[in-house]
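Report on one structure; see the data block that follows.
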Amino acid sequence: YARFKMVLTSTPTLEDASAIQFHFDDGSREMLEWQCPHCSEWFRPQSKDLIWDSKATLDQIEQNAALHCPHCGAGIAEREKRRMNENHRFTQYLRTSDGDYHPDPDPPPLGPHRSFWISGLASPWCSFGEIARELAAAYRSRDPARIQSVINTFAGETWRTRGDAPDWAEVMSKRTHLKPDLCPPGALGCTMGVDVQKNELYWVIRAWGVNMTSWLVAHGVMFGSTEFDDVWQQLSRRLTQPIQTLPVQRCFIDSGYRPGGDEGYRRPDHQVYLWCRRHPGLAHPTKGHDTQSRPLFASTIDISHQGQTLKNALQLWHLDTDYLKTELYTRIRWPEQAETGGWWVHADVDEDYCRQVVSEECLTKASGHRQWIHRRSKPNHYLDAEVLALAAAHSLHYQSLEAPKSLDPAQQHTPRERSSHFSFRRL
């Protein structure tokens, strides 16, 4: 068909983790609106405007629940639904920093990708009372999974989770007065973490001290197709550039994305493996797992893509991402008054880095299973890079580092603005 149309339909699931919400945000973002029969104002029907007596029985709730206009507060009876549906309109909405949708004051022109969001309250087969009954029963059960199911299916809304994650402002508060490529006196080793994307390499270099105290030395993104060698040469220069005092002792790089693999494996070799073989003993590929018996362990890759045995076999490190992300967030929340064990960033970090580092939340389901939720509206590349740098530090047993006897104990503290008397070493 020359003029075909592709239609994707679904109820939403978790906020920022729902595939259909991602496609909605990527389109024209048109939401159904009703006109209030009392004040004539237009509004978007939402479950939060469905009001019932919390002390009533479920039968009473189904009989007496009503939708209330968010503008005038007047109750809207079920009999008004048909007329409001017949006279509905679609308005383009924009998602703002508070995470909610508001009418777009400057809507863009409608393109070929149209997206619509219709509230479950508009369903002609389910009354306000029936939806209120389902919601009340779910809330009274105190079962998050049941509440989410009703919110998704009956109301047609995303479920806003409240997981365990620091706020991005907490990361920003960890800034010291150190500029990039400056290392504090208490640092005893450095590791690097690299996250691989189709056209970018996100990387961080972190210095480590006693009790896993750490400082972000440098971070950045290298642009270029990772299917070809140019961007990998840039990464090699960053990894091996001369450092006066603390060279990078180990680099962990994610091998989950295979450059060129999404286009038919045009490169027979895995570019990540090829790059690691250029830096034997220094760069190691990794593979993340939701959970495993140990936080990290290595296996040997000794077979090439052609089935040949390789003399210089690679070590592939398997990582427990749940364990490592939990430790990273614990370090971010480390009390500032503690003399060691803190997690710090340099003075020039920006908001994008801070938001990416805390872009995932850990949810504990009723079954006790832990699940990490990635907010699609927030990239997580620097989070992955920081996790890899942390894993590399564990692989080198940095948790056992001891301060040299010649090092003044006062120099082991994290340098802040008030500590300008310290001397620093440029990497």
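The values are calculated or read from the model by the stated rules, or taken from the named source; none is laboratory data. Everything numeric in this text was worked out from a predicted model, so none of it was measured. Backbone-built Cβ (ideal geometry, glycine too); neighbour counts: all protein chains shown. For accessibility, only protein heavy atoms count, side chains too; no ligands or nucleic acids. Shrake-Rupley method; radii C 1.70, N 1.55, O 1.52, S 1.80 Å.
Quickly run through the range 1-21 and pick out the residues that are within 27 Å of the chain's Cα centre (by Cα), more than 27 Å from Ala66 (Cβ to Cβ) and modelled with pLDDT under 90.
Filtering the range 1-21 for residues within 27 Å of the chain's Cα centre (by Cα) gives 8-21.
When the remaining residues are screened for being more than 27 Å from Ala66 (Cβ to Cβ), the result is 8-10, 13-14, 16-21.
Once the filter is applied, which keeps residues that are within 27 Å of the chain's Cα centre (by Cα), more than 27 Å from Ala66 (Cβ to Cβ) and modelled with pLDDT under 90, the range 1-21 yields Thr13, Leu14, Asp16, Ala17, Ser18, Ala19.
Would you please list the contacts, defined by Cβ atoms under 7 Å and residues six or more apart or on different chains, that run from a residue in the range 71-91 that is farther than 12 Å from Pro37 by Cα and in contact (Cβ under 8 Å) with a residue 12 or more places away in the chain to a residue that is part of a strand (DSSP E or B) and open to solvent by 80 Å² or more (accessible area, probe 1.4 Å)?
If the second residue must be part of a strand (DSSP E or B) and open to solvent by 80 Å² or more (accessible area, probe 1.4 Å), the pairs left are Phe90/Phe116.
Can you find even one residue in the range 25-41 that is open to solvent by less than 90 Å² (accessible area, probe 1.4 Å), hydrophobic (A, V, I, L, M, F, W, C) and modelled with pLDDT under 90?
Checked the range 25-41: no residue is open to solvent by less than 90 Å² (accessible area, probe 1.4 Å), hydrophobic (A, V, I, L, M, F, W, C) and modelled with pLDDT under 90.
Which is open to solvent by 30 Å² or more (accessible area, probe 1.4 Å), at pLDDT below 90 and closer than 16 Å to Asp164 by Cα, of Gln306, Gln371, Gln292?
Working: Gln306 fails: closer than 16 Å to Asp164 by Cα; Gln292 fails: closer than 16 Å to Asp164 by Cα.
After applying the criteria, what remains is Gln371.
Tally up the residues in the range 129-180 that are touching a residue at least 12 places away in the same chain (Cβ under 8 Å), among the hydroxyl-bearing types (Ser, Thr, Tyr) and either under 30 Å from Leu50 (Cβ atoms) or out of contact with any strand residue (DSSP E or B) (no Cβ under 7 Å at 6 or more places or on another chain) (or both), please.
3
Just to be sure before I move on: is Val217 at pLDDT below 95, touching a Pro at 6+ places or on another chain (Cβ under 8 Å), open to solvent by less than 30 Å² (accessible area, probe 1.4 Å) and of a type in the set (Val, Ile, Thr) in the structure I sent? Walk me through how you get there before you give the answer.
Details: at pLDDT below 95: yes; touching a Pro at 6+ places or on another chain (Cβ under 8 Å): yes; open to solvent by less than 30 Å² (accessible area, probe 1.4 Å): yes; of a type in the set (Val, Ile, Thr): yes.
Here the answer is yes, as Val217 does meet what is asked.
Which fully enclosed helices (runs of 4 or more DSSP H) of the range 1-99 have 3 or more residues being touching a helix residue (DSSP H, G or I) at 6+ places or on another chain (Cβ under 6 Å)? Break it down stepwise before answering.
Numbers: elements: 19-25, 58-64, 81-86.
By residue number, 58-64.
Of these, Leu110, Leu58, which one is open to solvent by 40 Å² or more (accessible area, probe 1.4 Å), in contact (Cβ under 8 Å) with a residue 24 or more places away in the chain and more than 30 Å from Ala19 (Cβ to Cβ)? It would help to see each step written out before you state the result.
Working: Leu110 fails: more than 30 Å from Ala19 (Cβ to Cβ).
Going through Leu110, Leu58 in turn, the sole match is Leu58.
Across the range 1-55, what is the total count of residues that are among the β-branched types (Val, Ile, Thr) and in contact (Cβ under 8 Å) with a residue 12 or more places away in the chain? Write out each step before concluding.
Here is the first cut: in the range 1-55, the residues among the β-branched types (Val, Ile, Thr) are 7, 9, 11, 13, 20, 51.
From what is left, the residues that are in contact (Cβ under 8 Å) with a residue 12 or more places away in the chain are 11, 13, 20, 51.
So the answer is 4.
Could you count how many residues in the range 125-169 are part of a helix (DSSP H, G or I), surrounded by 14 or more Cβ atoms within 10 Å (Cβ to Cβ) and of a type outside the set (Val, Ile, Thr)?
16
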